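The block underneath contains the structure these notes are about, expressed in structure tokens.
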Amino acid sequence: MGQTKFDAVKVGTGEDLVTLTRWVIAQQQHAPEATGDLTLLLTAIQFGCKFVASKVKQAGLINLLGLTGTANVQGEDVKKLDVLANDIFRNSLIASGKTCMLVSEEDENALVIEDHNQRGKYIVTFDPLDGSSNIDCGVSIGTIFGIFKVKDSENPTEADLLRCGREIVAAGYCMYGSYCEMILSIGNGVNGFTLDPAIGEFIMTHPEIKLPPRGKIYSVNEGNFKYFDEPCKKYVEQVKQKYSARYVGSMVSDIHRTLLYGGIFGYPADSKSKKGKLRILYEVFPMAFLIEQAGGKATTGTQPALDLVPEHIHDRSGIWLGSKDDVEDLEACYKEQQ
Ligand code: AHG
Ligand code: MN
Ligand code: MN
């Protein structure tokens, strides 16, 4: 043997890998009052995401592309994958025994868990399949979820659903893209976990995500420009002089890029869609929470998005989210008008 020294490096044993479940359990250990209910609820959500991820990959092979031929309560065409994803999440969440009410984009009414033995203290609001228009052409789509705690689990009421976004307990999304990633916040920052399909586990790959204070990308459907109000028009004219444009058309994917690269994403209210397009309880609130937790800002243009209180479960709002300085530039256009 020569003089070279060798260190034993353990590769591929999994010892240094932080799975999503391991991370959630570790957070629970730091909170003495924790009961483990949130851990179990997040396990149910993880299961739903893995299930949907697998079906998204096979969709073209097992007759899961295309429309169901029906419209949802919001008048939108429903895709087969919308229905399947909704069933998967609904069943998984109910089976967890940790929820008392569910609000899904695909269901007209909120679902109340009547059976006391199956009822828990959490409310989950979710968009089972976000970016439906991108399903059939294989572009990234996702699932978005928000978690609230009911005030009295024996007596869940409408007031538990129609509440301010600041009361959200946890939120996240799972993106089904070139890789499948779950982004999660339980109120102490934002972490990202990539699904390793070989072992069926989400592994931490993006710890403590922080948005850069300013980005170089703006993201908005400029096909709607003619309907925008004057502050929006002014901001878009201004930002396009210096930034690149990117717009996937799946909120999950546009937000994922924004979280990782910085910049701004918006779907404003306009003269065609008076309250915007994105739904407060299962699109606006979860994403605004994640963006704020990552150091960014989320606004309607005139007020912080998390200060909104929806009037009904499918209520909508205009929204701009992203890097702090970029969102403040947008807000400045509204302030000038006042
Ligand atoms: P969903 O597929 O859940 O109905 O949501 C679609 C949303 C959102 O993902 C995206 O940001 C937006 O609709 C795109 O709308 P446009 O096609 O009008 O740009
Ligand atoms: Mn959506
Ligand atoms: Mn959807």
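The table for this structure:
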item: The chain: calculated mean residue ellipticity at 222 nm from DSSP helix runs of at least 4, using -39500 (n - 2.57); result: -9000 deg cm²/dmol
item: Length gained when the stretch Ser271-Thr157 is fully extended (0.36 nm per residue, less Cα-Cα span); result: 37.7 nm
item: Of the DSSP H helices in the chain, those whose Cα atoms cover at least 30 Å axially and whose Kyte score averages 0.0 or more; result: 37-58
item: Contact order normalised by residue count of the range 264-337, Cα under 8 Å, 6+ apart, percent; result: 40
item: Cα gyration tensor shape of the range 217-336, rounded if a/c is under 1.5, else prolate or oblate by comparing a/b with b/c; result: rounded
item: Relative contact order, percent, the chain [alpha-carbon distance under 8 Å, six or more residues apart]; result: 15
item: Relative contact order of the range 20-208, defined on C-alpha pairs under 8 angstrom at six or more residues apart (%); result: 14
item: Three-way shape call for the range 227-283 based on the alpha-carbon gyration tensor, with the a/c threshold at 1.5; result: oblate
item: Lone cysteines, the chain (no partner Cβ under 4.7 Å); result: Cys100, Cys137, Cys164, Cys180, Cys232, Cys333
item: Prolate/oblate/rounded call for the range 20-208, Cα gyration tensor, a/c under 1.5 rounded; result: oblate
item: Gaussian network model of the chain, springs between alpha carbon atoms under 10 Å - residue of Ala198, Ala85, Ala31 with greatest fluctuation; result: Ala198
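No value in this document is a laboratory result; all are computed from the given coordinates. Not measured: the values here are computed from a predicted model. Note that we place each Cβ from the backbone using ideal geometry, even for glycine, and neighbour counts take in every protein chain shown.
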